[in-house]
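Below is one structure, written out as structure tokens; the observations come after it.
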Amino acid sequence: MLYLHIPFCQSRCIYCDFYSTTGTAALRAEFVRQLCRELEWRKDYLPQAAAEVSAPSQDDRKGVRPKSGTGRTAHLSSVYWGGGTPSQLHESEIETLFEAIHSHYTLLPEAEVTFEANPDDITPQLVSRLRGCGVNRVSLGVQSFSDTLLQMLRRRHSAARAIQAVETLQAGGIDNISIDLIYGLPGQTLEGFRSDCRQALSLPVTHLSSYALSVEPHTPLSRMIDRGQLQPADEELFLAQYEVLLDATAAAGYEHYEISNFCRPGFRARHNSGYWKGVPYLGVGPGAHSFDLVSRRANSPDLPAYIQASGSDVPHETERLTRQDRINELVFTSLRTSDGLDLARVEQQFGPAVRQTVARCALPHLRAQRLEQCGTVLRLTRSGLFVSDSVMSDLMLSS
Ligand code: SF4
């Protein structure tokens with residue numbers, strides 16, 4: 001799997017702490033040149049034998065990094081353009097980057113190629129050029145269908161523009177469309193969020209991601225709350241809005257396959273599902289993260305330093321995962337999904353003692369019906385979804 005981080009936004013939304021900047025055309029051009037170099041420099045990053053598998057190999061379980069760098073191009077089952085706002089790139093820059101991807105990697109015929117876009121940037125011309133590059137899925141940052149809330153968040157688009165973007169994508173032949181909604185926004189009522197869900201689910205989209213607003217430190221949103229300019233939503237309203245989300249998506253026939261993700265049958269996001277299944281991925285661009293089964297790597301979120309890097313790599317930090325990290329990641333990511341945590345897999349990867357510990361920690365939650373067990377698989381129940389953080393942390397091993 002390949003992730004490209006495009007660190008440009010036309011303006012900054014008040015809640016966002018993703019790495020991005022408002023850049024000039026010259027800066028963008030330099031960035032694209034450097035991103036092409038990074039794609040070449042790191043073409044051997046993905047472990048070859050395990051590049052597209054969902055579980056660590058026998059070698060990996062012993063802490064041995066799978067072979068890399070033997071000259072064969074990595075086969076990609078998905079490419080995800082995120083950011084920032086990838087649709088801030090010029091169409092010719094997007095094409096240049098796709099050429100670099102095709103020069104150094106092999107896309108599998110059924111690869112999912114997702115492009116994140118701001119609704120304001122969607123034009124028939126962009127859609128046609130994206131299709132020409134092989135993009136087959138677009139993720140639109142809609143966030144809300146209330147113009148008042150969109151303006152409060154300093155989003156660029158309006159609700160009408162978001163609806164029009166979906167129509168333009170469809171007319172241009174991209175019908176695998178995901179939209180994002182946020183709940184728990186200051187000033188957002190229960191009825192207002194219900195109306196957002198209704199509007200989203202009435203559109204011809206295949207996928208909905210909906211996250212509770214998280215107030216991150218050092219964002220304009222957190223300063224506005226500290227100054228009393230905005231009132232955060234209370235916990236009760238958050239939970240009621242999540243309940244509305246679960247009911248509305250179920251009534252629309254959507255599959256609830258991850259705590260915050262819903263899709264029409266057959267349209268799970270393959271790229272994000274790969275993250276939750278522990279598939280290795282290469283992330284390029286400033287601030288992008290990578291995972292090669294034994295370590296996690298984070299490129300520095302620093303565009304000037306990224307552009308200036310020469311040699312054979314860009315500034316980054318690497319953290320080798322301990323056995324405990326890997327056990328906890330398996331527990332955490334698996335329980336987020338409707339596929340659940342398979343205790344047989346825990347035993348296969350980490351041995352019977354770890355399985356017994358996890359099973360023992362699950363018992364109080366099974367009794368309280370926050371978890372259910374089907375065969376060897378543990379899953380969150382509907383009531384467990386509302387307290388998922390505490391259930392997952394109870395099942396994680398502490399040092
Ligand atoms: S467009 Fe997306 S990445 Fe850019 S500031 Fe807004 S939320 Fe953040």
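Rule-based calculations on the coordinates, nothing more; no lab input. In this text, all values refer to a predicted model and were calculated from it rather than measured experimentally. Don't worry about glycine lacking a Cβ; one is built from the backbone with ideal geometry, like all the others, and counts go over all protein chains shown.
Within the chain, what percent of beta bridges assigned by DSSP are antiparallel, to the nearest 5?
40 percent
Below 8 Å, C-alpha to C-alpha, sequence gap of six or more: please give me the relative contact order for segment 2-274 in percent.
Value for segment 2-274: 17 percent.
Considering the zone a paramagnetic label at residue 95 would reach in this model (a point 7 Å from Cα along the Cα-to-Cβ line), which residues of segment 106-145 have amide N under 15 Å from it?
In segment 106-145, the label zone of residue 95 (backbone N under 15 Å from the point 7 Å along Cα→Cβ) covers 125-135.
Kindly rank 195-205, 224-234 from highest to lowest mean number of other beta carbons found within 10 Å of each residue.
Result, highest mean first: 195-205, 224-234.
Could you pull out every whole DSSP H run in the chain that spans at least 15 Å of Cα extent along its own axis and averages -0.5 or higher on the Kyte-Doolittle scale?
Within the chain the helices that satisfy the rule are 25-41, 91-104, 159-171, 235-251, 352-367.
Per DSSP H run of at least 4 residues, take -39500 (n - 2.57); add these up for the chain, divide by its residues and hand me the 222 nm value, nearest 500 deg cm²/dmol.
Roughly -12500 deg cm²/dmol at 222 nm, from the helical runs in the chain.
When every alpha-carbon pair in the chain is counted, what percent end up more than 26 Å apart?
57 percent
Provide the gained length on full extension for the span residue 357 to residue 298, in nm with one decimal, where the gain is 0.36 nm per separating residue minus the Cα-Cα distance.
18.1 nm
Just the ratio, please: alpha-carbon radius of gyration of segment 323-399 over 2.2 N^0.38 Å, N its number of residues.
0.97
If amide H atoms are built 1.01 Å from N in the plane of the peptide, which residues on other chains or at least 5 residues away come under 5 Å of the amide H of residue 23?
Amide H neighbours of residue 23, under 5 Å, 5+ apart: 9.
Assuming R0 = 45 Å, what is the FRET efficiency of residue 158 and residue 373, from their Cβ-Cβ distance, to the nearest 0.05?
0.45
What are the ³J(HN,Hα) values, in whole Hz, obtained from phi via the Karplus relation 6.51 cos²θ - 1.76 cosθ + 1.60 with θ = phi - 60°, for each residue of segment 76-88 in sequence order, with x given for Gly and Pro?
Going residue by residue, I get 10, 8, 7, 10, 10, 9, x, x, x, 9, x, 6, 7 Hz, with x marking Gly and Pro.
Could you give the distance between the Cα centres of segment 99-137 and segment 316-347, to the whole Å?
Rounded to whole Å, the Cα centres lie 31 Å apart.
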